[in-house]
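**Student:** Right, I'll just put the structure down here and ask away after.
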Amino acid sequence: MIADLSTRLAGSHRAATRFAGPRLVLARLILAAPLALALTGLAYPASAQTPAPPAAAPQVSPGALLLAKQIVQIKKVDEVFKPIVAGIVTKSRDMFLQTNFMYQKDIDEVALSVGRQFAPRVTELVDASARYYASHFTEQELRDLLTFYQSPLGQKALVEEPKVLDQTMVFAGSWANNLSQETIQAMRIELKKRGHDM
């Protein structure tokens, strides 16, 4: 469900991407990613969601991957994904609070701690995004892309970037499901240490 919704949200930006710069697409994705997670969280309770294995990342050359990582860093792709981690922790905290509101102080403290623990996991999404970039462009094209979109390469970038974003959002949906389950488990362990068996 998350993957389908995320793909639809990312796919709806294809037409806009052809006419707008990467910053506009990035801004729209920042809004779309948490929305996709929020909507799917309302559609299914956490206990009914079965974590799906992440899609296999494509094999790429080390040189292409290094160039692609520079591209996603310049485009600040990590800023797109940071709200996903925070949203998952908040959703998990709220799940515990629904039936255990009397332990709000402990649940809030544990959520803050678990949030700090999982925040660095955003790099998994950034790395996946770089791999998808590297799988769509040659090393020379990536070098040229770093100097930006001029000549025929600029036109190819406008065509291929929506594909990269689609694949990354599908991966993010699966990744978010898995991280949600890990967050819940981590919070249960910490709350059990405080005498709250949930």
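**Student:** Which one is farthest from G115 (Cα to Cα), of the residues in the range 184-198 that are surrounded by 17 or more Cβ atoms within 10 Å (Cβ to Cβ) and of a type in the set (A, V, I, L, M)?
**Tutor:** L191
Here is a yes/no grid of residues against (1) part of a helix (DSSP H, G or I); (2) closer than 27 Å to Q59 by Cβ:
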residue	(1), (2)
P120	yes, yes
A130	yes, yes
E141	yes, yes
K156	yes, yes
E161	yes, yes
V164	yes, yes
L179	yes, yes
L191	yes, no
G195	no, no
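**Student:** While we're here: Go through Q117, Q181, Q140 for me and flag whichever is surrounded by fewer than 18 Cβ atoms within 10 Å (Cβ to Cβ) and without any contact (Cβ under 8 Å) to a residue 12 or more places away in the chain.
**Tutor:** After ruling out the rest, the residue left standing is Q140.
**Student:** Among the residues of the range 91-114, which ones are among the polar types (S, T, N, Q), surrounded by fewer than 17 Cβ atoms within 10 Å (Cβ to Cβ) and assigned to a helix (DSSP H, G or I)?
**Tutor:** Within the range 91-114, Q98, T99, Q104, S113 qualify.
**Student:** What residue, among those in the range 131-188 that are among the hydroxyl-bearing types (S, T, Y) and farther than 20 Å from F81 by Cα, is modelled with the lowest pLDDT?
**Tutor:** Taking the candidates together, the pick is Y149.
**Student:** I'd like the full set of residues that are in contact with a Pro (Cβ under 7 Å, 6 or more places away or on another chain) and part of a helix (DSSP H, G or I), limited to the range 64-90.
**Tutor:** P83, I84, G87, listed by residue number.
**Student:** Hey, another quick one. Which condition does Q167 not pass, out of (1) over 30 Å from N100 (Cα atoms); (2) of a type in the set (S, T, N, Q); (3) over 12 Å from the mean Cα position of the chain (by Cα), if it passes all the others?
**Tutor:** Going through the list (1) over 30 Å from N100 (Cα atoms); (2) of a type in the set (S, T, N, Q); (3) over 12 Å from the mean Cα position of the chain (by Cα), Q167 breaks only (3).
**Student:** A follow-up question, please. Which number in (1) among the hydrophobic types (A, V, I, L, M, F, W, C); (2) within 30 Å of Q185 (Cβ to Cβ); (3) buried (at least 17 other Cβ atoms within 10 Å of the Cβ) marks the one condition that A68 misses?
**Tutor:** (2)
The values are calculated or read from the model by the stated rules, or taken from the named source; none is laboratory data. Quantities reported herein were computed from a predicted structural model and do not represent experimental measurements. Glycine also receives a Cβ, built like all others from the backbone with ideal geometry; neighbour counts cover every protein chain displayed.
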